[in-house]
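The values are calculated or read from the model by the stated rules, or taken from the named source; none is laboratory data. Worth saying up front: this structure is predicted, and the values here are computed from it rather than measured. Glycine gets a Cβ as well: all are built from the backbone with ideal geometry, and neighbour counts include every protein chain shown. Remember, those area values only see protein heavy atoms, side chains included, never the ligands or the DNA or RNA. Shrake-Rupley method; radii C 1.70, N 1.55, O 1.52, S 1.80 Å.
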Amino acid sequence: MTIRAIALDVDGVLTDGGLWWGPGGQEWKRFSFTDIMGLSLALKAGLQLALISGENSPILDRLAGKVGVRDIYRDCKDKARALRSLADLYHLNLEEICFMGDDINDLPALEIAGLAAAPADARPVVVQKCQFVTKATGGNGAVRELIDYVLSGAGTEAAAESMVI
């Protein structure tokens, strides 16, 4: 089945999982322009994109606004439920959705996604559940690598099975 949507965890996937606190208590995170370009390419190709984060930070809105992602699931404690909601919103089968996560709270969504993906530095238990694992680490081009893979037409079930680690 063809992937028609990509949902992403944010911390550890679009970021390197680090967090900086400014002297006034501001929260700062680093994003890769390689990944941002990948998001732009995915949208131009007609893929639906969603951010699914356990956090509720204004940084999510800033990122989504910069790249044009409309669907943001904030403060999400049940990412599988968010994935089902995304499927319902766009009338998709779960098999048509790719989810990329990096830690144990992402496992329920990874287990129901049509294509489960992880950055190279994801927790080992996550890597074991994924059909596609990038060479790049979170926040350092992993999302772009995934998007290039999906846009190449390789994001099909048969191709994904050949990528199992």
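For the range 22-76, enumerate the residues that are at pLDDT 90 or above and on the phi > 0 side of the Ramachandran plot.
Gly46, Gly68, Asp75
Identify, by number, the condition in (1) touching a residue at least 40 places away in the same chain (Cβ under 8 Å); (2) closer than 19 Å to Asp16 by Cβ; (3) out of contact with any Gly (no Cβ under 9 Å at 6 or more places or on another chain) that Tyr90 doesn't meet.
Condition not satisfied by Tyr90: (2).
Conditions tested, residue by residue: (1) of a type in the set (Ser, Thr, Tyr); (2) closer than 17 Å to Thr2 by Cα; (3) in contact (Cβ under 8 Å) with a residue 24 or more places away in the chain.
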{"position": "Gly54", "(1), (2), (3)": "no, no, yes"}
{"position": "Arg81", "(1), (2), (3)": "no, no, no"}
{"position": "Ala120", "(1), (2), (3)": "no, no, no"}
{"position": "Thr134", "(1), (2), (3)": "yes, no, no"}
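How many of the residues making up the range 2-55 are touching an Asp or Glu at 6+ places or on another chain (Cβ under 8 Å) and polar (S, T, N, Q)?
Going through the range 2-55 one residue at a time, the tally reaches 3.
Looking only at the range 1-35, count how many residues are part of a loop (DSSP other than H, G, I, E, B), touching a residue at least 24 places away in the same chain (Cβ under 8 Å) and open to solvent by less than 20 Å² (accessible area, probe 1.4 Å).
8
What do you reckon, is Val150 closer than 14 Å to Gly12 by Cβ and either among the hydrophobic types (A, V, I, L, M, F, W, C) or buried (at least 24 other Cβ atoms within 10 Å of the Cβ) (or both)? Steps first, answer last, please.
Details: closer than 14 Å to Gly12 by Cβ: no; either among the hydrophobic types (A, V, I, L, M, F, W, C) or buried (at least 24 other Cβ atoms within 10 Å of the Cβ) (or both): yes.
So Val150 does not fit the description; no.
Kindly check whether there is at least one residue in the range 39-50 that is under 15 Å from the mean Cα position of the chain (by Cα) and over 27 Å from Pro108 (Cβ atoms).
If we filter the range 39-50 for residues that are under 15 Å from the mean Cα position of the chain (by Cα), which is where we start, we get 39-43, 47-50.
Still in the running and over 27 Å from Pro108 (Cβ atoms): 40-41.
Within the range 39-50 (the criterion being under 15 Å from the mean Cα position of the chain (by Cα) and over 27 Å from Pro108 (Cβ atoms)), the answer is yes, since at least one residue qualifies.
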